[in-house]
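Student: This is the structure I have questions about; it appears just below.
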Amino acid sequence: MSADRHYPLLLTLLAAATLALFLLSLTVGPAGIAFADSMKALFSDKADGVALIMREIRLPRAILGGMIGATLGLSGAALQGYLRNPLAEPGLLGISASASLGAVLAIYTGLSAAFALALPLAALTGAVAAVLVVQALAGQRGGALIVILAGIAVTSFAGAMTSLALNLSPNPFAALEIMFWMLGSLTDRSMVHVWLSAPFMLVGWLMLGSLGRALDALTLGSETAASMGIELRKVQFLAVFGTAASVGAATAVAGAIGFVGLVVPHILRPLVGARPSRLLPASALGGACVVLTADILVRIIAPERDLKLGVLTAIVGAPFFLWLVFRTRRSLL
Amino acid sequence: MMILRTALSCFVAAVLGMAAALPTFAAEPTPRRIVSMNVCTDQLAMLIAGAGQLHSVSALAGDPRASAMADEARAFAVNHALAEEIFLMEPDLILAGTFSARATVGLLRRLGFRVEEFAPARSFADVRDNIRRIGALLHRQERAAELVAQLDDGLARLRAGAPSGRTIALYEPNSYTAGAGTLANDIFTAAGLVNIAERLGVTGSTRLPLEQLIMAKPDLIGRSSSDYGAPALAQENLVHPAFRALSRQDAIDLPVAKMICGAPFTLDAAFMLQDAAAKQERR
């Protein structure tokens, strides 16, 4: 099988692309610092303006771009394998929107200012609630249609509640921030956000990463998988909480970024020989590439306008989603 | 002779025409029940109106974060710039901003009210014009002239101190700054300062990315942010570690309420900045 031989090569290429995009992300910005200067400033112990920009503005942005992308790619691949549904994705299932709602409640009530961890924890809670609701509505044998309908319901409800919470805030700026929570952005995120979200994302990655063998077995059906010694309850726990922890933390600091988890696994699946266990790491790297690219583009296309990341991912993702619906409509009908 | 008579008849016609026009002008009665629905016209109306002339000001006029005359505003009825509410107040003159809701202004005009719109002041010259215009509308030209004299006197005193030439950047929530063609820019110039944003070619109010602010190294940073008692992401840029490192010594909390609208009190902001620049020079 050619996919077997090509797999290590594919991972190496994706890792190299992620690294290259990470470095590129560090060199893009309105200050216009030369590449050599920026790299020097990153590692010198001087405290001038360039060093400040590199360490406190660009580095956290690049780290978060890579980590959030990896989270979305990985969780998309894991959810598609676990729910055996080609349309599963944190954005479409309402997980991102619900995590946003949790984060919004924590931030705008002032809870996160009093207790910093409240932010990722509230987002995680929102995300868990969304996965459980969608799963309960769809049931174990829920078809693609039911899962997507449940996801739409959860997404619009969470979106409406987010909007309500922001409108009720006495701070006039809050109402304008609905855009951030629905489309996502990495503008001026700081190291504080990295320290707050990275541990949750790492724990989520470990949980989702450990699902490889179980997801391979699940491709044969849940009965067969159970007969192969896969504990379905444990798989469910890892899939739900792994997604919630990583997507919750990602959304808490950058808002909901759509379509990455949908598009990336679909593009990479044929390249890894359609084995979920192999798709997981490839998707994580692919997701990192996509979000880093999108974040570089928002800074190049209209640097002064503060474009939202979700705008770019939707420009690519929405037509892809339509094509996917078109292709799978026979099974939907 | 012929020419003279023609000229004479023209003169007579002109005088008659003026006389015909005059009664309508004189008949324009002094407004007795004025409603203002914009925070800037609110404050100018409070400064200019005679006793009992002004009936209602907008809710923002009573908010000390947006209005320099929040205490004075308590003496008037409050409106929320809604057509229905203003209709019931039966005003004979409505003062609105050009940024007031278009639908509301249009509806009030259709209902037969006289609505006068004011563009936000972008310079002290605009402030002068707005004061005079409200003075004329309210038949309070003398009071308006007094306020204009106050304004000109203050500007002259500011000019008496030699311009320090120190640089300043305005930094607001969401990383907004003000460049050329803004009231803030005129305030900075009056205080003898050089606005970094204007030097960077910024016109109007627009985003100044934190990176550019750091590279521009202004002598002073004018922080323009109010505490609303509830957090918003918009204000996170003001606590960003990079901003805090930059602004440790040289940040000034600007009197936001005095800078939103142009009036004689706006000069206080300029005096405060002039002092701050002088202090920094001595350091």
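Readers should treat all values here as calculations from the given coordinates under stated rules, not as data from a laboratory. Nothing here was measured: the structure is a model prediction, and the numbers come from that model. All Cβ positions, even for glycine, are placed from backbone atoms using ideal geometry, and neighbour counts span all protein chains on display.
Student: So what's the angle, to the nearest 10 degrees on a 0 to 90 scale, between helix A:118-138 and the longest Cα principal axis of chain A?
Tutor: Roughly 20 degrees, rounded to the nearest 10.
Student: Follow-up question, since we're still on this one. Answer rounded, prolate or oblate for chain A, using the Cα gyration tensor with square roots of eigenvalues a ≥ b ≥ c: rounded when a/c is under 1.5, else prolate when a/b is larger than b/c, else oblate.
Tutor: Oblate is the answer for chain A, as a/c is 1.5 or above yet b/c matches or exceeds a/b.
Student: I've got another one for you. Taking 22 Å as R0, compute the FRET efficiency from the Cβ-Cβ separation of A:Glu223 and A:Ile146 and round it to 0.05.
Tutor: E between A:Glu223 and A:Ile146, to the nearest 0.05, is 0.60.
Student: What list of ³J(HN,Hα) couplings, whole Hz, do you get for the stretch A:66-79 from phi and the Karplus terms 6.51, -1.76, 1.60, once you set θ to phi - 60° and write x for glycine and proline?
Tutor: x, 5, 5, x, 4, 4, 5, x, 5, 5, x, 4, 5, 5
Student: Per residue of the stretch B:212-224, what does 6.51 cos²θ - 1.76 cosθ + 1.60 with θ = phi - 60° give for ³J(HN,Hα)? Whole Hz please, x for Gly and Pro, Karplus curve as stated.
Tutor: Result, ordered by residue: 5, 4, 5, 5, 6, 6, x, 5, 10, 10, x, 7, 10 Hz.
Student: OK, next. What dipole magnitude, in Debye to the nearest 20, does the stretch A:138-252 give about its Cα centre under +1 on Lys/Arg Cβ and -1 on Asp/Glu Cβ?
Tutor: Here the stretch A:138-252 has a charge dipole of around 160 debye.
Student: Return the lysines within reach of B:Lys279: Cα separation strictly under 27 angstrom, same-chain partners fewer than 8 residues apart disregarded; answer none if there are no such residues.
Tutor: B:Lys217, B:Lys258
Student: Follow-up question, since we're still on this one. Within chain A, what's the longest stretch lacking trypsin sites (Lys or Arg not before Pro) that sit in DSSP loops with no more than 13 other Cβ atoms inside 10 Å?
Tutor: So the longest stretch without any such site is A:142-304.
Student: Could you work out how much longer the chain between B:Glu90 and B:Tyr176 gets when fully extended? Use 0.36 nm per residue separation minus the Cα distance between them, nm to one decimal.
Tutor: Here the answer is 27.0 nm.
Student: If R0 is 22 Å, what FRET efficiency do you get for A:Leu111 and B:Ala101 from their C-beta distance, rounded to 0.05?
Tutor: Given R0 = 22 Å and the Cβ-Cβ separation, E is 0.05.
Student: Shifting gears a bit: Might you report the magnitude of the Cβ-based charge dipole of the protein assembly as shown about its Cα centre, with Lys and Arg at +1 and Asp and Glu at -1, to the nearest 20 debye?
Tutor: 1480 debye
Student: Farthest toward the dipole's positive end in the protein assembly as shown, which of B:Leu93, A:Thr293, A:Leu309, given Cβ charges of +1 (Lys, Arg) and -1 (Asp, Glu) about the Cα centre?
Tutor: My answer, from the dipole projection, is A:Thr293.
Student: Next question, about the same structure. Can you say what percent of the DSSP beta bridges in the protein assembly as shown, counting only those with both residues inside, are antiparallel? Round to 5.
Tutor: Roughly 10 percent of the beta bridges in the protein assembly as shown run antiparallel, per DSSP.
Student: Mind putting together the pair-distance distribution for the protein assembly as shown? All Cα pairs, 10 Å bins, whole percent per bin, short to long.
Tutor: Pair shares across the bins are 3, 14, 20, 19, 16, 12, 8, 4, 2, 1, 0, 0, 0.
Student: Can I ask one more? Quick one: which residues, 5 or more positions from B:Arg33 or on another chain, have an amide H under 5 Å from its amide H? H modelled 1.01 Å from N in the peptide plane, none for Pro or chain starts.
Tutor: Correct list: B:Asp92, B:Leu93.
Student: Taking the Cα centre of the stretch B:34-155 as the origin, how large is its charge dipole in debye, to the nearest 20, when only Lys and Arg (+1) and Asp and Glu (-1) carry charge on their Cβ atoms?
Tutor: With Lys and Arg at +1 and Asp and Glu at -1, about 320 debye.
Student: Once each part is reduced to its C-alpha centroid, what is the distance from the stretch B:81-103 to the stretch A:293-333 in angstrom?
Tutor: Measuring centre to centre over Cα atoms gives 43 Å.
Student: What list do you get for B:Ser164, A:Ser283 if you sort them by fewest beta carbons within 10 Å?
Tutor: B:Ser164, A:Ser283
Student: Which of B:Asn237, A:Leu10, B:Ser58 sits farthest toward the positive end of the charge dipole of the protein assembly as shown, with +1 on the Cβ of Lys and Arg and -1 on the Cβ of Asp and Glu?
Tutor: My answer, from the dipole projection, is A:Leu10.
Student: Taking Cα centroids, how far is the stretch B:160-223 from the stretch A:190-228 in Å?
Tutor: 49 Å
Student: Helix-only mean residue ellipticity at 222 nm, chain A, DSSP H runs n ≥ 4 weighted -39,500 (n - 2.57), per residue, nearest 500. What is it?
Tutor: -24500 deg cm²/dmol
Student: If neighbour count is taken as other Cβ atoms inside 10 Å, put A:Glu56, B:Glu85, A:Glu223, A:Glu304 in order from fewest to most.
Tutor: Ascending number of Cβ neighbours within 10 Å: A:Glu223, A:Glu304, B:Glu85, A:Glu56.
Student: Moving to a separate point now. In what sequence do B:Met69, A:Met179, B:Met37 fall when counting other Cβ within 10 Å, fewest first?
Tutor: Ordered from fewest to most neighbouring Cβ atoms within 10 Å, B:Met69, A:Met179, B:Met37 come out as A:Met179, B:Met69, B:Met37.
Student: What's the angle, to the nearest 10 degrees (0 to 90), between helix B:124-137's Cα axis and the longest principal axis of chain B?
Tutor: 30 degrees
Student: If you don't mind, another one. Need one value for B:239-251: mean number of C-beta atoms belonging to other chains within 10 Å of its residues' C-beta atoms.
Tutor: 4
Student: For the stretch B:86-135, just run the numbers: alpha carbon Rg, then divide by 2.2 N^0.38 Å, N being how many residues it has.
Tutor: So the stretch B:86-135 has a normalised radius of gyration of 1.25.
Student: Give me the distance in nm between label points sitting 7 Å out from Cα along the Cα-to-Cβ direction at B:Glu142 and B:Asp129, one decimal.
Tutor: 2.8 nm
Student: Then there's this: Which whole-Hz couplings ³J(HN,Hα) result when phi for each residue of the stretch B:271-277 is put into the Karplus expression 6.51 cos²θ - 1.76 cosθ + 1.60, θ = phi - 60°, listed in order with x for Gly and Pro?
Tutor: These are the phi-based 3J(HN,Hα) values: 4, 4, 5, 4, 4, 4, 5 Hz.
Student: Suppose R0 equals 30 Å; then what is the FRET efficiency for A:Thr328 and A:Leu24 from their Cβ-Cβ distance, rounded to the nearest 0.05?
Tutor: Efficiency for this residue pair is about 0.30.
Student: Inside 10 Å of the C-beta atoms of B:211-223, what's the mean count of C-beta atoms belonging to other chains?
Tutor: Mean partner shielding for this stretch: 4.
Student: Would you grab the residues whose amide H sits under 5 Å from the one on B:Leu220? Only those 5+ places off in sequence or on another chain, please, with H modelled 1.01 Å from N.
Tutor: B:Thr167, B:Ile168, B:Ala169
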